[in-house]
Amino acid sequence: MQRFSGFSLLRRGLSGHRDWQPQWRKAQPKAAYDAVIVGGGGHGLGAAYYLAKEHGLTNVAVLEKGWIGGGNTGRNTTIIRSNYLRDESAALYDHALKMWEGLSQDLNYNVMFSQRGVMMLAHTVHDVQVFKRHVHANRANGVDNEWLTPEEAQAVCPLLQTDDIRYPVRGAAFQRRGGTARHDAVAWGYARGADALGVDIIENCEVTDIRRDGRGAVQALETTRGLIQARKVGVCAAGNTSVILRMAGVRLPLESYPLQALVSEPVKPIFPCVVMSNTIHAYISQSDKGELVIGAGTDAYTSYTQRGGLHVSSHALEAICELFPMFRRMRMLRNWGGIVDVSPDRSPIIARTPVPGLYVNCGWGTGGFKATPGSAHLFAWTIAHDKPHPINAPFTIERFREGRLIDEAAAAAVAH
Amino acid sequence: MLLIECPYCGVRPELEFVYGGQAHVARPGSPAECSDEQWVEFLYLRENSKGIHAERWRHTHGCGRFFNALRDTTNDHFLATYRVGETPPPAALERAAGPRP
């Protein structure tokens, strides 16, 4: 692997940047692997990376039906935060946030992690009470989060209109360690790191069936590029998880919904943080390219189409224009949808399944990107040890039977 | 935005409707005798089909009535809508088995 440094950039710059190698090999599928990850997004590529790096499992493949990072990893609004209410969630998401802080160095790849702060607006008395409760719960869990008055919120984000609007801003919860990262770089950085450790990244390879042996354990995967033997299979297929798990006879409490995002034309740096509003359904930040990145809500119905209704995205834009009147004449460049797998309690499942050798990492719903390094790290641990890490131990499939739900519906950024 | 045919009122824009989730989920007859597995089945497990999906809609800003629909979740085409208590029209299911629209 060619390492990146100031010196290597300078040296290759002198020769016109023509002698860079591809960041990862175009691997052909082998007949057998020790472990296979289904789904080449951030969570899957990261899991393969940590399997190789921390657990010495290098005979690993990542199977991706399209191109890596082409699913929700490349479709989200790149927001990172860990200010979740429940103890279990705070531990999970803050594990991820701590890993984000060192990820670029670990991968030797700039994921452009920027701790510019995430502000969650409160518009009603109920919002104020809920967010203050979040602030206190977070601080008790060692997660930074602070309450801002409308004036303080405006001091952080001067563009914010707090009064003379339909839902005046009554305050905000602000996590300074939160921020954004470059989503594509996360997929590419993990792919490059995993590849260097020997992981095969196989694109355009869709799993069509899961073969099991006499005692029901996973034996092999049938794919569009042939049969691949594997005794351990980890599924990180986001919105398509139900489809894959059904091949092994496992039903999961998931429903797949379209979630939309948009970007504007690029403008000069104008927006200093991330602002989100659950009540009027919008969130916004500015990418380093200058585009305003705007997230909308989910559509009402389950779907696999990777597009949503226009009225859903225009609803989000109405909210943005209300909060930031100066953006009213701005043009939107693109909008798109991703398919998110929503669990009944809005918390993920990172667990073993009833099928021996089959593991699943799903249910991240509308907010999986923020957890990418932590999720990948814990999933690799779970696969390597055939039991959950203490942090993801509560995030089982069985919690729905046992009534141990981890209800984060209030922390999810958008209405489901 | 989808156009949805209410079996009582005709074709209307999606904004008039509220989605009601998977159709034909039977409520347990005697809840006290349900096992934990049966509760999980009723409360949490859904088909989440990639393909033909039977689902409920309510024409909230119209007649206010619930009805059922068959929709292909890979392209959001409605194959049929039918009233509560009715079974899905066989012609729609045959169309669903044939080539996609």
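The values are calculated or read from the model by the stated rules, or taken from the named source; none is laboratory data. Being a predicted model, the structure only gives us computed values, none of them experimental. Virtual Cβ from ideal backbone geometry, glycine too; neighbours counted across all protein chains shown. All accessible areas refer to the heavy atoms of the entire protein, side chains included, with ligands and DNA or RNA removed. Shrake-Rupley method; radii C 1.70, N 1.55, O 1.52, S 1.80 Å.
Summary of computed values
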read-out: Contact order normalised by residue count of the range B:3-97, Cα under 8 Å, 6+ apart, percent; value: 25 percent
read-out: Peptide A:303-310, shielding by other chains (average Cβ, 10 Å cutoff); value: 4
read-out: DSSP-defined antiparallel bridges as percent of all bridges, the protein assembly as shown, nearest 5; value: 80 percent
read-out: Whole-number percent relative contact order across chain A, with pairs defined as alpha carbons under 8 Å at least 6 apart; value: 22 percent
read-out: Among the listed pairs A:Lys26/A:Lys65; A:Lys53/A:Lys387; A:Lys30/A:Lys387; A:Lys132/A:Lys289; A:Lys53/A:Lys232, those beyond 22 Å (Cα-Cα); value: A:Lys30/A:Lys387; A:Lys132/A:Lys289
read-out: Using alpha-carbon coordinates, inclination of helix A:183-196 to the longest axis of chain A, degrees; value: 20 degrees
read-out: Karplus (6.51, -1.76, 1.60) ³J(HN,Hα), θ = phi - 60°, over the range B:41-48, in Hz, Gly and Pro reported as x; value: 4, 6, 7, 10, 7, 10, 5, 6
read-out: Dipole in debye (nearest 20) - the range B:3-97, about Cα centre, beta carbon charges: Lys, Arg +1; Asp, Glu -1; value: 320 debye
read-out: Note, ³J(HN,Hα) from phi for the range A:18-24, Karplus 6.51, -1.76, 1.60, rounded to Hz, x at Gly and Pro; value: 9, 10, 7, 8, x, 6, 8
read-out: The range A:56-87-the range A:336-415 distance, computed between alpha-carbon centres (Å); value: 12 Å
read-out: Chain B - mean residue ellipticity at 222 nm from DSSP helices (-39,500 (n - 2.57) per run, n ≥ 4, rounded to 500); value: -4000 deg cm²/dmol
read-out: Total accessible surface hidden between B and A, rounded to 100 Å², 1.4 Å probe; value: 2200 Å²
read-out: Helical contribution to [θ] at 222 nm, DSSP H n ≥ 4, -39,500 (n - 2.57), averaged over chain A, rounded to 500; value: -9000 deg cm²/dmol
read-out: Accessible-area composition of chain B, carbon plus sulfur, in percent [1.4 Å probe]; value: 53 percent
read-out: Diffusion coefficient, µm² s⁻¹, Stokes-Einstein with Kirkwood Rh over alpha-carbon pairs of the protein assembly as shown at 4 °C and 1.567 mPa s; value: 54 µm²/s
